[in-house]
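Student: Provided herewith is a single structure, encoded as structure tokens, for subsequent inquiry.
The values are calculated or read from the model by the stated rules, or taken from the named source; none is laboratory data. Model, not experiment: these values are computed from the prediction. With ideal geometry, Cβ positions are generated from the backbone for all residues, glycine too; neighbour counts draw on all protein chains shown. Just the protein is used for accessible areas: all its heavy atoms, side chains included, with ligands, DNA and RNA removed. Shrake-Rupley method; radii C 1.70, N 1.55, O 1.52, S 1.80 Å.
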Amino acid sequence: MKTKNIIRICGIAALSAMTFSSCSDVLDEQPRSGYDPSYFTTVDGVKGGLTSLYAHLRNVYGQAYYFTSCEAGTDEYTWGHSADGNQKDIDMSGVGNLSSTTVRSDALWGQAFTEINTASSVIYNASAVGIAPDLVAEAYFFRGFYYFNLVQTFGGVPLDLGSGELKPNASTKRTSKRNTVDEVYEKAVFPDLEKAVESLPNKSRAIGTVTKTTARLYLAKAYLTYAWWLENPNNIDTYPATTKRDKSQAEAYFQKAYKIAKEAIDDNEESKVYGLQPTYYDVNFWQNDRNNEWLLWADHTVNSDQYNGGGLGWGNGGAPENFAGWFTQWNYCGDMKGYTELNEKGEPIYFNPVLREACQALGRPWTRMAPIPDALKKFTDVDKDSRWDGTFTYQYRVNMAKGGNKNDFVYGAGGSKLKNGDIYLQFLPYDAEGVVYNQNNATINAGVLAGHPEFVINISDVSRQTYPGVWKHIGHRTDRNEATELGNPNGSSPRPFVIAKFSELYFVAAEAAVKLGKNDDARSNILKIRERAGKWKTNFNDYTYLVSNTGYNDLKVVKDYSEEMKAATPQQITIDYILDERLREYWGEGYRWFDLVRTQTWEKMAGVYHISDGCGREAKEVKRDIKKHYYLRPIPQGQLDALQMDEAEKKAYQNPGY
């Protein structure tokens with residue numbers, strides 16, 4: 001471990017040495033130029049280090065290259081038209097090569113040990129400086145949180161960063177020894193999260209700080225993941241080697257996962273501190289950010305470049321900017337062309353009828369990750385299940401007037417005249433008969449369908465270049481007149497990036513219940529999710545409330561298909577069904593690779609997919625070669641290069657197969 005790097009990084013210059021505000025309910029960031037170890041022996045140092053743990057979440061979450069490692073190569077996403085090696089290397093389909101130099105989980109490795117060291121420093125010094133146990137519990141949470149993410153991603157990782165296991169590092173030693181998976185769980189993940197559950201308050205002390213419920217979610221997830229690891233149904237290798245992988249212990253940990261998840265659900269059903277939002281729209285819509293379904297998020301702001309963690313005028317695409325939403329949006333504002341007039345040769349004078357706008361439906365496009373049509377088709381009953389409409393921007397509407405275009409209309413499908421606010425292109429959530437594609441219309445080979453004035457693309461014909469965007473992460477900007485101005489969509493998103501939600505407790509309980517043979521319990525938890533999915537506050541893609549800062553909270557549930565959604569739920573709940581429900585609930589939120597690796601279903605769910613290249617409308621079959629050693633990401637090359645060990649020791653440090 002390059003420990004002198006850890007000491008330096010844990011106080012990244014100007015980002016987030018922070019203190020607590022005595023007169024506010026939010027964390028008060030006070031940037032400092034840096035830290036040294038003695039800083040943590042003061043009250044301000046312990047508190048500042050603790051609060052920096054929240055700010056540094058921005059270095060991992062919302063950072064789109066780490067986001068790539070969690071989504072690309074799964075059944076949700078493949079590489080898009082403008083992808084580079086960051087997306088192709090992880091697709092496992094022969095277009096790249098995942099290695100220690102190409103792995104984008106380096107964003108996690110490179111940051112997690114910094115935060116672990118900071119958390120250990122807080123824990124080690126808190127008693128001496130008189131910090132209350134509930135504040136120290138936040139440090140225990142973050143240390144357990146990061147170790148849990150590391151062990152899922154890389155296998156066993158070091159508990160000794162240079163000065164002893166779980167001690168703050170103060171040495172310059174640059175050797176390292178990896179602990180086994182079971183040691184990481186038994187010595188760090190479980191004890192730390194259990195201490196957090198014991199001492200954290202039920203209500204957050206400031207907006208966004210962790211609570212008992214947050215810790216319970218991660219403890220339940222850790223028990224669940226460890227139980228799967230013990231059971232090892234598909235004989236996936238672990239590393240470093242251990243003799244403690246005992247299938248007979250799995251049931252006990254599935255039971256622990258179920259118990260802790262249910263306790264969190266039951267306590268909040270009584271206290272109402274956390275819970276499900278009334279509709280699926282409420283969870284992710286920008287006017288409802290930081291709602292009581294959110295348990296943890298990397299925060300941002302539209303009020304300051306510095307405290308946003310990235311430029312609001314122009315984003316460069318690097319941590320700590322929130323730019324994950326760019327990767328899942330196609331180039332709607334460049335690839336789509338329309339016309340109103342012809343030149344003297346009778347040729348269309350093309351312009352862009354849908355312009356880049358700083359609203360949650362659009363935003364800045366990079367076309368790096370394309371959704372896989374096979375998985376899009378898992379959004380069934382789209383007229384009753386609000387999650388298709390509540391996840392994707394599938395209707396792209398004319399907004400040319402906001403960019404100064406004075407034309408009264410633009411020609412749509414079949415010569416229709418489309419005005420500002422009308423749908424110009426729609427991705428259909430099904431395959432309609434009679435769609436005729438033509439390379440000349442809309443310049444993206446969109447289709448014409450009788451009865452539709454807009455251009456359309458069938459769900460099977462989604463391509464690497466043209467596809468529905470995901471509006472959950474898009475950086476809606478309020479510093480503009482939304483009715484008349486495009487605003488600035490090119491800066492990093494000023495919205496929070498959500499890391500954990502209360503709703504996942506129902507999924508953890510359901511998954512554990514299936515493994516325990518408790519089908520009725522599994523189904524009752526899934527029904528809670530599906531019941532909510534049947535409630536429609538409005539149609540997000542109708543655009544009706546996207547042009548105003550006011551009125552959203554006054555909207556009521558206008559359609560309620562909750563009973564139909566419950567009736568359509570299978571009587572027998574399986575792991576495959578839970579994975580499909582998780583896909584519908586959390587599409588594009590960074591969970592998918594962990595879900596498939598935990599349940600050892602990666603090859604089954606994502607081994608083959610179909611998609612069109614470019615603007616072609618003929619899907620090709622793509623096969624992925626998902627070898628078992630890919631279930632662990634490689635240790636980043638930068639870490640290996642920093643170790644002062646011989647080549648044989650470095651080779652042994654690396655995960656097998658890389």
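Student: Sorting check: for 469-478, 125-134, 155-164, which peptide has the highest mean count of neighbouring beta carbons within 10 Å, and how do the rest follow? Write down the numbers at each step before the final one.
Tutor: Details: 469-478: 24.7, 125-134: 14.5, 155-164: 20.4.
Result, highest mean Cβ count within 10 Å first: 469-478, 155-164, 125-134.
Student: Using θ = phi - 60° and the Karplus form 6.51 cos²θ - 1.76 cosθ + 1.60, what ³J(HN,Hα) does each residue of the stretch 41-54 get, whole Hz, x for Gly and Pro?
Tutor: Karplus-based 3J(HN,Hα) across the stretch 41-54 equals 8, 10, 4, 4, x, 5, 5, x, x, 4, 5, 5, 4, 6 Hz.
Student: Could you check how many percent of all C-alpha pairs in the stretch 131-240 are farther apart than 21 Å? Spell out each step's value before the answer.
Tutor: Numbers: 2459 of 5995 pairs.
For the stretch 131-240, the fraction of Cα-Cα distances above 21 Å is 41 percent.
Student: Please work out the C-alpha center-to-center distance from the stretch 443-469 to the stretch 48-68 and express it in whole Å.
Tutor: 37 Å
Student: Multiply the residue gap between residue 524 and residue 97 by 0.36 nm, knock off their C-alpha separation, and tell me the result in nm, one decimal place.
Tutor: Details: separation 427, 0.36 × 427 = 153.72 nm, distance 4.27 nm.
Stretched fully, the residue 524-residue 97 segment lengthens by 149.5 nm.
Student: On to the next question. Over what distance in Å are the Cα centres of the stretch 112-157 and the stretch 304-379 separated?
Tutor: 38 Å
Student: Same structure again: FRET efficiency for residue 642 and residue 194, Cβ-Cβ distance as r, R0 = 25 Å, nearest 0.05? All intermediate terms of the calculation are to be shown ahead of the outcome.
Tutor: Numbers: r = 33 Å, r/R0 = 1.30.
Once the sixth-power term is evaluated, E becomes 0.15.
Student: While we're here: Suppose we keep just the alpha-carbon trace of the stretch 299-406; what are its Rg and Dmax in angstrom?
Tutor: Computed over the Cα atoms of the stretch 299-406, radius of gyration and Dmax are 17.6, 54 Å.
Student: Another question, then. Which FRET efficiency value, to the nearest 0.05, is calculated for residue 290 and residue 171 with the Förster distance at 35 angstrom and r the Cβ-Cβ distance?
Tutor: Values: r = 40 Å, r/R0 = 1.14.
It comes out at approximately 0.30.
Student: Right, next: Which value in nm describes the separation of the simple spin-label points at residue 205 and residue 407, placed 7 Å from the Cα toward the beta carbon?
Tutor: About 5.9 nm, to one decimal.
Student: When the chain is fully extended, how far beyond the present Cα-Cα distance does residue 303 get from residue 42, taking 0.36 nm per residue of separation?
Tutor: Details: separation 261, 0.36 × 261 = 93.96 nm, distance 3.09 nm.
In short, 90.9 nm is gained.
Student: Straight distance only, please: which aspartates and glutamates reach the Cα of residue 402 with their own Cα at less than 12 Å, same-chain residues fewer than 8 apart left out?
Tutor: 357, 482, 485
Student: Which of the pairs 378/651; 272/384; 88/417; 88/377; 212/628 have their Cα atoms more than 32 Å apart in this structure? Can you show the working numbers first?
Tutor: On the way: 378/651 42 Å; 272/384 27 Å; 88/417 40 Å; 88/377 23 Å; 212/628 36 Å.
Flagged as over cut-off: 378/651; 88/417; 212/628.
Student: I'd like to know how the chain sits against the 2.2 N^0.38 Å rule of thumb: what's its Cα Rg over that expected value? Spell out each step's value before the answer.
Tutor: On the way: Rg = 24.9 Å, N = 658, 2.2 N^0.38 = 25.9 Å.
This ratio for the chain stands at 0.96.
Student: Also, quick follow-up: How large are Rg and Dmax for the stretch 31-175 when only the alpha carbon atoms are used, in Å?
Tutor: Using the Cα atoms of the stretch 31-175, the pair Rg, Dmax is 17.9, 56 Å.
Student: Then there is this: If a paramagnetic tag sat 7 Å from the Cα of residue 566 along the Cα-Cβ line, which residues of the stretch 491-529 would have the backbone N under 11 Å from that point?
Tutor: Zone members listed by number: 524, 527-529.
Student: What percentage of the solvent-accessible surface of the stretch 247-306, computed with a 1.4 Å probe over protein heavy atoms, is contributed by carbon and sulfur atoms?
Tutor: Numbers: 1180 of 2580 Å².
Roughly 46 percent, rounded to a whole number.
Student: If each of residue 259 and residue 241 carries a label point 7 Å out from its Cα toward its Cβ, how far apart are those two points in nm?
Tutor: For the pair residue 259/residue 241, the computed spacing is 3.4 nm.
Student: In cubic angstrom, how much convex hull volume per residue do the alpha carbon atoms of the stretch 399-557 span? Could you put the intermediate results ahead of the total?
Tutor: Values: hull volume 30.2 nm³, N = 159.
Taking only Cα atoms, the stretch 399-557 has a hull volume of 190 Å³ per residue.
Student: For the stretch 63-74, just list the computed ³J(HN,Hα) in residue order, Karplus coefficients 6.51, -1.76 and 1.60, θ = phi - 60°, integers in Hz, with x standing in for Gly and Pro.
Tutor: 6, 6, 6, 5, 4, 4, 5, 8, 10, 5, x, 9
Student: Round to the nearest 0.05 the FRET efficiency obtained for residue 232 and residue 341 when R0 = 45 Å and r is the Cβ-Cβ distance.
Tutor: The value I calculate is 0.10.
Student: How do the peptides 242-252, 395-405 rank, highest first, by the average count of neighbouring beta carbon atoms within 10 Å per residue? Write down the numbers at each step before the final one.
Tutor: Numbers: 242-252: 12.8, 395-405: 19.5.
Descending packing order for the listed peptides: 395-405, 242-252.
Student: Note down the nm distance, to one decimal, between modelled labels 7 Å out along Cα→Cβ at residue 128 and at residue 419.
Tutor: A separation of 7.3 nm, rounded to one decimal place.
Student: A further question on this structure: In Å², what does the accessible area per residue of the stretch 608-650 work out to with a 1.4 Å probe?
Tutor: Numbers: 2140 Å² over 43 residues.
Roughly 50 Å² per residue, with all protein chains present.
Student: While we're looking at this one, here's another question. Measuring from a point 7 Å past the Cα of residue 490 along Cα-to-C-beta, which residues in the stretch 292-315 have an amide N at less than 13 Å?
Tutor: Those under the cut-off are 312-315.
Student: For a bin width of 10 Å, list the pair-distance distribution of the stretch 567-620 built from all Cα-Cα distances, rounded to whole %.
Tutor: 19, 40, 31, 9, 0
Student: Using θ = phi - 60° and the Karplus relation 6.51 cos²θ - 1.76 cosθ + 1.60, list the HN-Hα couplings for the stretch 507-513 in order, rounded to whole Hz, with x at every Gly or Pro.
Tutor: 5, 4, 4, 5, 5, 5, 5
Student: If amide hydrogens are placed 1.01 Å from N in the peptide plane, which non-local residues have theirs closer than 5 Å to the one on residue 295?
Tutor: The list, which skips near neighbours in sequence, is 500, 501, 502.
Student: Would you mind checking which residues have amide H under 5 Å from residue 607's amide H? H placed 1.01 Å from N; only 5 or more apart, or other chain.
Tutor: Under 5 Å from the amide H of residue 607 lies no amide H from a residue far enough along the sequence or on another chain.
Student: Multiply the residue gap between residue 187 and residue 249 by 0.36 nm, knock off their C-alpha separation, and tell me the result in nm, one decimal place. Provide the component values of the computation, followed by the final result.
Tutor: On the way: separation 62, 0.36 × 62 = 22.32 nm, distance 1.71 nm.
Once the chain is fully extended between residue 187 and residue 249, it gains 20.6 nm.
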